[in-house]
Structure formats: structure tokens, C-alpha cells
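The values are calculated or read from the model by the stated rules, or taken from the named source; none is laboratory data. Every value quoted in this text rests on a predicted model; they were computed, and no experiment measured them. We place every Cβ from the backbone using ideal geometry, glycine too, and count neighbours over all the protein chains shown. Just the protein is used for accessible areas: all its heavy atoms, side chains included, with ligands, DNA and RNA removed. Shrake-Rupley method; radii C 1.70, N 1.55, O 1.52, S 1.80 Å.
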Amino acid sequence: VNTRFETSVPGLYAFGDVVEGPMLAHKASEEGVAFAEMLTGKAGHVNYETIPGVVYTGPEFASVGQTEEALKESGQSYVASRFPFSANGRAKASHNTNGFVKILADSTTDRILGVHILSEGASEMIHEALVAMEFGGSAEDLARTCHAHPTRSEAIKEAALGIDKRTLHM
Ligand SMILES: Cc1cc2nc3c(=O)[nH]c(=O)nc-3n(C[C@H](O)[C@H](O)[C@H](O)COP(=O)(O)OP(=O)(O)OC[C@H]3O[C@@H](n4cnc5c(N)ncnc54)[C@H](O)[C@@H]3O)c2cc1C
């Protein structure tokens, strides 16, 4: 399909699992909405850079954007920061310190390239990163955002601070 979901057969459109991209319900849904918008003369747009993936295990794993492996392969220069839940107050208080937050940012522009969270509740926490990426945000944008204490989400701020080696707790 092209960017308007048109197949090579005139009048036949396709989106969802049957076309390229992650085989996920929310990706198919976004494409369906975009297609409906296009049919009614509106812009219709899907940002394929910010489609989250979640593994619903215990702890959960949630991810958006590029992995370190993909960045290495493409030769893009990046900075990686990893913050463990063993240094997060809420995780300690609830006796569940499994996991970490990893943030990958462009080494020149600081733009967020990928966020990966292994944690209880990671499927909920990932959306903060998604919104930041949707707005073309930097690691510093996340680092300068005030986070409520004590929350597991503070680990995202700490990981973002770590891009500039300014992590507060370790
Ligand atoms: C076990 C399982 C668990 C999953 N869990 C998740 C999850 O947790 N989160 C997530 O995001 N995604 C999950 N997915 C993936 C998600 O279900 C798909 O990405 C999503 O349903 C794709 O939507 P779709 O509309 O492209 O296709 P589908 O939902 O598969 O819809 C296609 C429809 O076309 C119909 N159809 C097929 N052939 C014909 C025909 N010849 N004529 C008429 N109708 C036809 C089918 O019956 C079906 O209703 C899971 C998938 C599976 C199998």
C-alpha cells in the first residue's frame, strides 16, 4: 500500500496486520481512523515512529522507538542511559525493584530515539515517553519535567537526567 492505504488494485485499500508494520491492535486501529479521515477529506496520519509495543509479562516490558541494536546497525550516534528500579523510592517501598528504564537519545540533538521499560506497570508508564516523542521532545524535556514522588515514573525522569550524567539517585 501507499501512504493513503491504496493497493495496486484500484478501489481496494488495506491496513492492519495485512500490511507492513507491527502486527498490533492499536496500530491497526490508528490506521483505520486515519483511513476514515482520508475518506472524509481530512489529513489522516499515522506516526509509525511512536507505536508502542508491550509484552504483558510480570514484570511488563514496554518499548517505543529504536533499540540500541538498530541504532548501532544504522550508524546513528546516540547516548544511552539506564536507571534501575532498585534506586526508585516507590519500587523500594512496594518491595518490587525488578527492572529498569533505558532511554536512547541522539548524541547531537538530544532528541529521544527510543525508550524501553522493564517494570510492573510499564504498559502504563510508556505513554509519557510516547507523548514526548510525538512532540519531537528531547531527553532534557523529560528530565526537566516535574514528576510526582513517590512514583515509578520518576525512574523515567532519572533515566533522562542520566543522558547528561545528572542522575540524582543511584
Ligand atoms: C492470540 C493473540 C493475541 C494478541 N494480543 C494482542 C495484544 O495484546 N495487543 C495487541 O495490540 N495486539 C494483539 N494481537 C494482535 C491483534 O489482534 C492484531 O494486530 C489486530 O487484530 C489486527 O487487526 P486487523 O483488523 O488488521 O485484523 P483482524 O483483527 O484479524 O481482522 C481481520 C478480519 O477479517 C476477517 N476476514 C478474514 N478473511 C476474510 C474474508 N475472506 N472475508 C471476510 N472477512 C475476512 C477475519 O475474520 C477478521 O475478523 C493479538 C493477536 C493474537 C492472535
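Note the full-extension length gain between H127 and K72 as 0.36 nm times their separation in residues minus their Cα-Cα distance, in nm to one decimal. Walk me through the intermediate numbers first.
Working: separation 55, 0.36 × 55 = 19.80 nm, distance 2.49 nm.
Computed gain between H127 and K72 is 17.3 nm.
Put a dot 7 Å past each Cα toward the Cβ at V9 and T40; how far apart are the dots in nm?
2.7
Does the range 31-103 classify as rounded, prolate or oblate by the C-alpha gyration tensor (a ≥ b ≥ c root eigenvalues; a/c under 1.5 gives rounded; else a/b over b/c gives prolate, otherwise oblate)? Intermediate results must be reported in sequence, preceding the final value.
Details: a/c = 3.41, a/b = 1.71, b/c = 1.99.
Judged from the Cα gyration tensor, the range 31-103 comes out oblate (a/c at least 1.5, b/c at or above a/b).
Of K42/K102; K72/K92; K92/K165; K42/K157; K27/K165, which pairs sit farther than 25 Å apart, going by alpha carbon to alpha carbon? Mind showing how you got there, number by number?
Numbers: K42/K102 37 Å; K72/K92 34 Å; K92/K165 23 Å; K42/K157 36 Å; K27/K165 35 Å.
Correct reply: K42/K102; K72/K92; K42/K157; K27/K165.
Over what distance in Å are the Cα centres of the range 87-104 and the range 138-170 separated?
Between the Cα centre of the range 87-104 and that of the range 138-170, the gap is 12 Å.
Where a ≥ b ≥ c are the square roots of the eigenvalues of the C-alpha gyration tensor, would you call the range 1-51 rounded, which needs a/c under 1.5, or, failing that, prolate if a/b is larger than b/c, or oblate? List each step's numbers first, then the result.
Details: a/c = 1.95, a/b = 1.21, b/c = 1.61.
The shape class here is oblate.
At q = 0.12, 0.14, 0.19 Å⁻¹, work out log10 I(q)/I(0) for the chain with the Debye formula, treating every Cα as an identical point scatterer and leaving solvent out; two decimals please.
Taken in order of the listed q values, log10 I(q)/I(0) reads -0.61, -0.77, -1.16.
Among the trypsin sites (Lys or Arg not before Pro) within the range 1-106, which fall in a DSSP loop and have no more than 16 other Cβ atoms within 10 Å of their own Cβ?
Here the trypsin sites (Lys or Arg not before Pro) that fit, given the DSSP loop and packing criteria, are R4, K42.
Accessible area per residue of the range 86-159 at 1.4 Å probe, in Å²? Intermediate values should be presented prior to the final figure.
Details: 3420 Å² over 74 residues.
Spelled out: the 1.4 Å probe surface of the range 86-159, per residue, equals 46 Å².
For the pair S86/K165, report the inter-label distance in nm, with labels modelled 7 Å from Cα in the Cβ direction.
2.3
Hey, any idea what % of the range 97-168's accessible area is carbon plus sulfur with a 1.4 Å probe?
Percent of accessible area from carbon and sulfur atoms in the range 97-168: 52.
State to the nearest 20 debye the size of the charge dipole of the range 1-158 about its Cα centre, where the only charges are +1 on K and R beta carbons and -1 on D and E beta carbons. All intermediate terms of the calculation are to be shown ahead of the outcome.
On the way: 12 positive and 21 negative charges, 78 e Å.
Here the range 1-158 has a charge dipole of around 380 debye.
For the range 27-71, what does the accessible surface come to per residue with a 1.4 Å probe? Please give it in Å². Before the final figure, lay out each step's value.
On the way: 2470 Å² over 45 residues.
Spelled out: the 1.4 Å probe surface of the range 27-71, per residue, equals 55 Å².
Take every Cα pair under 8 Å in the range 40-165 that's 6+ residues apart, average their separations, divide by the length, and report that relative contact order as a whole percent.
Values: 242 pairs, mean separation 34.6, N = 126.
For the range 40-165, the relative contact order is 27 percent.
At 0.36 nm per residue, minus the direct Cα-Cα distance, what do D17 and C146 gain on full extension? Give it in nm, one decimal, please. All intermediate terms of the calculation are to be shown ahead of the outcome.
Details: separation 129, 0.36 × 129 = 46.44 nm, distance 3.81 nm.
Between D17 and C146, full extension yields 42.6 nm more.
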